[in-house]
Amino acid sequence: MLILLPPSEGKTAPRRGKPLDLTSLAAPTLTGTRKTLLQALVALCRDEPEKATGVLGLGPAQRDLVQRNADLEVAPTARADAIYTGVLYDALDLSTLSPAARRRATSRLAVTSSLFGLVRPGDRIPAYRLSGDAVLPGVGSVAGAWREVLGEAITDGMRQGLLVDLRSSTYAAFWRPTPDVARRVATVRVLHESGGRRTVVSHFNKATKGRIVRALLEDGADPRTPKALADTLTRLGWTVELGAPTPKGTQLDVVVTQV
């Protein structure tokens with residue numbers, strides 16, 4: 001099973017650590033695209049900081065993030081599971097998992113990254129700022145750059161198991177499953193139910209996804225089909241509605257009434 005997470009906009013910048021080594025990251029087939037995007041981002045932020053604030057969607061008080069990007073090639077790195085922060089990652093709380101669950105996290109989790117494509121928890125990366133809908137000068141859209149190469153890395157990570165896709169719509173654009181893979185793809189959506197109405201609420205969505213991943217890692221289950229995943233989540237206490245298979249995968253709706 002491969003659990004595919006979205007990145008977080010907020011990241012914890014390490015104070016010390018070795019500089020980035022792209023060749024040390026998982027999924028080496030992505031090294032070329034990683035290098036292209038890294039060089040384009042660094043050059044933009046170093047040479048045209050004013051333009052960079054617009055490209056990156058930053059406000060006047062966030063100029064420090066432009067400088068952070070300009071220094072990415074020499075900045076200290078840390079494990080990715082210490083870099084990404086935010087609601088989902090707070091709920092997942094990898095550092096407090098049992099030893100067995102942490103071992104499963106190493107092999108079963110991957111983060112979709114605008115800069116690195118696919119990141120494993122143990123990959124050493126710097127804190128960066130690059131949104132999934134960004135368009136970099138000389139490169140074009142970040143999503144387009146990854147769409148050409150990410151599929152092989154994801155399917156290799158899946159092996160013969162299930163892909164649990166927790167990405168947001170922005171990062172889902174980086175790769176969409178082909179029909180031959182789709183039968184092994186479960187896309188999880190979280191719906192907040194209140195007063196008989198169901199809506200997607202960002203905070204509920206992220207927090208619940210983090211708790212789902214934590215529970216799966218602690219439980220140790222390794223479902224091989226979307227239905228088996230739905231059964232596992234139901235056993236673990238969630239209300240789950242299983243959709244019909246489609247050429248892009250099977251949607252699972254997890255319905256919550258409180259955060």
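No lab work stands behind these numbers, since they all come straight from the coordinates. The structure displayed is predicted, hence computed values, not measured ones. Ideal geometry is used to build each Cβ from the backbone, glycine not excepted, and the neighbour counts take in all protein chains shown.
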- prompt: Ranked highest first by average number of other Cβ atoms within 10 Å, how do 161-170, 6-15 line up?
  reply: 161-170, 6-15
message: Helix-only mean residue ellipticity at 222 nm, the chain, DSSP H runs n ≥ 4 weighted -39,500 (n - 2.57), per residue, nearest 500. What is it?
response: -11000 deg cm²/dmol
message: Take Glu48 and Asp71, extend 7 Å from each Cα along the Cα→Cβ direction, and tell me the distance between the two endpoints in nm.
response: 2.4
task: Let me know the shape class of region 114-179, please: from the alpha-carbon gyration tensor, a ≥ b ≥ c as square roots of the eigenvalues, rounded when a/c is under 1.5, otherwise prolate if a/b is greater than b/c, or oblate.
output: oblate
- request: Name the residues whose placed amide hydrogens come within less than 5 Å of the amide hydrogen of Thr239, ignoring near sequence neighbours (fewer than 5 apart) on the same chain.
  value: Val255
Lysine pair number, Cα distance threshold 29 Å (strictly under), the chain, separation 8 or more or different chains: 11
Region 139-216: GluC sites (Glu not before Pro) in DSSP loop, at most 16 other beta carbons within 10 Å: Glu148
task: Could you go through region 19-27 in sequence order and give the Karplus-derived ³J(HN,Hα) for each residue, using 6.51 cos²θ - 1.76 cosθ + 1.60 with θ = phi - 60°, rounded to whole Hz, and x for Gly and Pro?
output: x, 4, 10, 4, 6, 8, 6, 5, 6
statement: Sorted by chain and number, the residues with a modelled amide H under 5 Å from that of Val201, at a separation of 5 or more or across chains, are His192
field: Table column - 3J(HN,Hα) (Hz), region 72-78, Karplus curve with 6.51, -1.76, 1.60, x for Gly and Pro
entry: 4, 6, 10, 5, x, 10, 8
- line: Taking alpha-carbon centroids only, region 113-160 lies from region 163-217 a number of Å equal to 19
- prompt: How many percent of Cα pairs in the chain exceed 25 Å?
  reply: 44
Label point distance in nm, Arg183-Arg103, each placed 7 Å from Cα along Cα→Cβ: 3.2
